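J.: The structure is given below, and queries will be raised subsequently.
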Amino acid sequence: MPTPVHSDSPRRDAPRAPQDASPGAPRSPSLWGAGFAEPMDATLAALSCSLGQDLPLADADLLASAAYARALGRCGVLVADEAARLASALEQMRADLASGEWRPGDAEDIHSAIESEVTRRVGEPGSRLHTGRSRNDQVATAFRIAVRERARELIDGVRALQSALVTRAEEEIDTLLPAYTHLQRAQPVRLAHWLLAHFWPLERDAARLAGARERANELPLGSGAATGNAFGVDRAWLARELGFARVTANSLDAVGDRDFAVEIVFACSLLGAHLSRLAEELVIWSSAEFGFVQWPDSLATGSSLMPNKKNPDLAELVRGRSAATIGDLVSLLALLKGLPAGYQRDLQEDKPPVWRATGAARSSVAAMTVAVERVTFDRARMTAALSDDLLATELADAMVERGVPFRQAHQVVSALSAEARAEGIGWRELLRRRPERTPAPLSPDESLRLDFRAAVERRGTVGGTARAAVLAQIDYARARLAEAP
Ligand code: ARG
């Protein structure tokens, strides 16, 4: 007895196909038609169907198809009136898709769904739309349109997060706290400087997204299945119509190139890593041990068991989600590395990683923006964490200023710090108790005068922690935000 074969269950993160789309089992005739004696086996049909994961391409494909219809009119494949009717039917379908009036279904993929629907709407000219075109150049075109749009949206999101960080930096210009290395207290720093330390990685992310967008913005349409377009469509005109900066130079490369997909997913991976580092720091800082950060109730969660808990789930989820994006990058690179030039069907697997990675980046950036805007920084806890050891470098530097070679000053202060540590007190307390331990040639007074604010002020070089240097950094950050990446 034949085993009934069911269609693939929808992919976890792929957009869900509408109810009337039955993945894997299109009922309409296949696109390659008459030469095949048997219908497609259900196992292959299930594997082959990409309609669910193609839905984010629908609008882009309609846009590109309408432009292609007009291009066919311009080169004489369609008479002017047919081309115009076909193009406006496709434009109407965009509106119907947006309003939910038309839902693609009953097709192997979005390209065939669109072609059969437009043919149903306008009749014969619909069956001429695919002249000279292949789904290979069609999918590459729609995918590039979708990727460049997602890059644009992500840049806007990253910009909003950067601007939240600069605003907080302005508010916290005079707040001091320890800077950590190896998660151990190191030297005093301005909270503004720490906030800006998370601004610059995002500046590089925005530039990477802009670069990915720029390189995606090349038109493959007119490359046909592999070797170009035999009907003389005007590719430069198509590029202008669709807002592409230029046309691709080689048809075989154009249909197999997915560098733009890898690039946007890489940009999302590194962005995810940066968000994850910021998230990690907010998680640590909101522990009772640090107490530097408090989450507003609206951005925290409780425990179903422990009534005392207030958890930083927002930051943990952002940190956790960035992992899958790294996996998406690896999936894409592995997908591509063995493929011959030109289109290979493996390439159908290129979309889910891009949708997932860009979707995760979008929601994580939005969540971190709200977090940066709304967490409370506990200035008193930060001040309380400024312990003597943070001034050990200052003490050594003060000896250097009085002529002691740095290496020697370091040894002396290191021994003094160890002694204080052993007694469970700070080195300043030790000097108060035993002034004779003051490192020569400093006086006890000179040593005890060293303070946190003076320490940050001494670092006035570009990129340092002096007030003026941090204010200049804020100005520079604002100027970068004003420029389009
Ligand atoms: N669904 C396909 C994809 O995403 C469209 C291109 C199909 N081309 C082909 N020769 N079967 O790659």
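J.: Contact order normalised by length for the chain, with contacts defined as Cα pairs under 8 Å and 6 or more residues apart; what percent is it? Walk me through the numbers before you get to the answer.
T.: On the way: 720 pairs, mean separation 70.9, N = 485.
15 percent.
J.: Something else about it: Neighbour counts of other C-beta atoms within 10 Å: give me Cys268, Cys49 arranged from fewest to most.
T.: If I rank by nearby Cβ atoms, fewest first, I get Cys49, Cys268.
J.: Using the Cβ atoms and a cut-off under 11 Å, what net charge is assigned to the surroundings of Glu117, where Lys and Arg are +1 and Asp and Glu are -1? Please list the in-between numbers first.
T.: On the way: positive: Arg103, Arg120, Arg121; negative: Asp96, Asp106, Glu115.
Once all neighbours under 11 Å are counted, the net charge is 0.
J.: Compute the long axis of helix 392-401 from its Cα atoms, compare it with the longest principal axis of the Cα atoms of the chain, and write down the angle in degrees, 0 to 90, nearest 10.
T.: Rounded to the nearest ten degrees, it is 70.
J.: Per residue, what volume in Å³ does the convex hull of the Cα atoms of the chain enclose? Walk me through the numbers on the way to the answer.
T.: Working: hull volume 105.6 nm³, N = 485.
Residue-normalised Cα hull volume stands at 218 Å³.
J.: Need the full-extension length gain, Ala80 to Glu203, defined as separation in residues times 0.36 nm minus the C-alpha distance. One decimal, nm. Numbers along the way, then the final one.
T.: Working: separation 123, 0.36 × 123 = 44.28 nm, distance 4.80 nm.
Gain on stretching Ala80 to Glu203: 39.5 nm.
J.: Considering the convex hull of the alpha carbon atoms of segment 205-335, report its projected area averaged over all viewing directions, in nm², one decimal.
T.: Working: hull surface 47.8 nm².
Over every viewing direction, the Cα hull of segment 205-335 projects on average to 12.0 nm².
J.: Expressed as a rounded percentage, what relative contact order does segment 332-431 have, with Cα pairs under 8 Å and six or more residues apart? Before the final figure, lay out each step's value.
T.: Numbers: 36 pairs, mean separation 17.5, N = 100.
Over segment 332-431, the number comes to 18 percent.
J.: Rounded to the nearest 500, what is the chain's calculated 222 nm mean residue ellipticity when only DSSP H runs of at least 4 contribute -39500 (n - 2.57) each, over all residues? All intermediate terms of the calculation are to be shown ahead of the outcome.
T.: On the way: 20 runs with 280 residues, N = 485.
One gets -18500 deg cm²/dmol as the mean residue ellipticity at 222 nm.
J.: Can you list the lysines whose alpha carbon is less than 21 Å from that of Lys337, not counting same-chain residues fewer than 8 positions off?
T.: Lys351
J.: Next up: Using only Cα atoms and rounding to the nearest 10 degrees, what angle (0 to 90) does helix 313-336 make with the longest principal axis of the chain?
T.: Helix 313-336 sits roughly 50 degrees off the main axis of the chain.
J.: A follow-up question, please. Pairs of Cα atoms under 8 Å, at least six residues apart: use those to get the relative contact order of segment 245-316, whole percent. Numbers along the way, then the final one.
T.: Working: 40 pairs, mean separation 15.4, N = 72.
With pairs under 8 Å counted, the relative contact order is 21 percent.
J.: Which order do Arg362, Arg235 fall in if you start with the one that has the fewest other Cβ atoms within 10 Å?
T.: Details: Arg362 16, Arg235 20.
In increasing order of surrounding Cβ atoms, one gets Arg362, Arg235.
J.: A follow-up question, please. Let me check I've understood the local charge: for Lys337, count other residues with C-beta under 15 angstrom from its C-beta, Lys and Arg +1, Asp and Glu -1. What total comes out?
T.: Numbers: positive: Arg258; negative: Asp257, Asp259, Asp346, Glu349, Asp350.
Net local charge, Lys337 excluded: -4.
J.: Multiply the residue separation of Leu317 and Ala454 by 0.36 nm, subtract the distance between their alpha-carbon atoms, and state the gained length in nm to one decimal. The partial results should precede the final answer.
T.: Values: separation 137, 0.36 × 137 = 49.32 nm, distance 3.90 nm.
Additional length available on full extension: 45.4 nm.
J.: Which of Met306, Met399 comes first, and how do the rest follow, when ranked by fewest Cβ neighbours within 10 Å? Don't skip to the answer; put the middle values down first.
T.: Values: Met306 8, Met399 23.
Listed from fewest to most nearby Cβ atoms, that is Met306, Met399.
J.: Shifting gears a bit: Could you give the angle, 0 to 90 degrees to the nearest 10, between helix 259-285's Cα long axis and the longest principal axis of the Cα atoms of the chain?
T.: 30 degrees
J.: What is the gain in length, in nm to one decimal, between Phe406 and Ala288 on full extension, counting 0.36 nm per residue of separation less the C-alpha to C-alpha distance?
T.: Working: separation 118, 0.36 × 118 = 42.48 nm, distance 3.76 nm.
That pair, Phe406 and Ala288, stretches by 38.7 nm at full extension.
Each reported figure results from applying straightforward, stated rules to the coordinates on display, with no laboratory input. None of these values were measured; they are calculated from a predicted model. Cβ coordinates were reconstructed from backbone atoms using ideal geometry, including for glycine residues, and neighbour counts include every protein chain displayed.
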